[in-house]
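The values are calculated or read from the model by the stated rules, or taken from the named source; none is laboratory data. Source: prediction; values computed, not measured. Counting neighbours? That spans all protein chains shown, and the Cβs are built from the backbone with ideal geometry, glycine included. Heads up: the accessible areas ignore ligands, DNA and RNA and are worked out on the full protein's heavy atoms, side chains in. Shrake-Rupley method; radii C 1.70, N 1.55, O 1.52, S 1.80 Å.
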Amino acid sequence: MSAPSCPSPVEVELREVHDSDLPVFFRQTNDPESARMAAFTAKDPTDRDAFDAHWKRVLASSAVNRTILVDGDVVGSAAVYGPPEEREVTYWIDRAYWGRGIATAALRALLVVVPERPVYARAAADNAGSLRVLEKCGFVATGRDRGFANARGVEIEEVVLTLRE
């Protein structure tokens, strides 16, 4: 009997965000299961005007924003934002692509683009997938906090993580 084959690591490409990516991001953030898992979302993710205004501010800021591509398809976004001493990562992967190593590969690539440390991250305490991604990329849990999760309509616990190297 032969050993089971391991799937090859997924290859992701990061590129600058194009205006044509925004409708895809809007659709992705309106997936109820994805929003519930992410927890900390826009107050009303169905408000397209608010979404567009948010992205206009984001793209005009000093944040490093990237579109995540797999085989040429837009599968999500990743960013590093905030002042140098408080830089934080964020990412969103289309639920259809969960479980394939895309978030981990994309975050690793983003951390090469933005090599300054420390970098912080936050994730809902029950978001095991995101916590795993962050730990695989070298982030270590350094605290806990509570915050209102718009997607759940309640205050929840979140884990604060730090990447120092």
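Observations on the structure shown:
- Scanning region 112-160 for residues that are closer than 19 Å to residue 81 by Cα, among the charged types (D, E, K, R) and either touching a Cys at 6+ places or on another chain (Cβ under 9 Å) or in a loop (DSSP other than H, G, I, E, B) (or both) turns up 116, 117.
- Of the set (1) of a type in the set (D, E, K, R); (2) open to solvent by 60 Å² or more (accessible area, probe 1.4 Å); (3) farther than 26 Å from residue 23 by Cβ, all apply to residue 95 but (3).
- Within region 60-92, the set of residues being open to solvent by 50 Å² or more (accessible area, probe 1.4 Å), closer than 23 Å to residue 118 by Cα and touching an Asp or Glu at 6+ places or on another chain (Cβ under 9 Å) comprises 81, 84.
- Listed here are the strands (runs of 3 or more DSSP E) enclosed by region 7-90 that have at least 2 residues being among the charged types (D, E, K, R) and touching a residue at least 40 places away in the same chain (Cβ under 8 Å): 13-15.
- On inspection, residue 109 passes the criterion of being assigned to a helix (DSSP H, G or I), touching a residue at least 40 places away in the same chain (Cβ under 8 Å) and more than 11 Å from the chain's Cα centre (by Cα).
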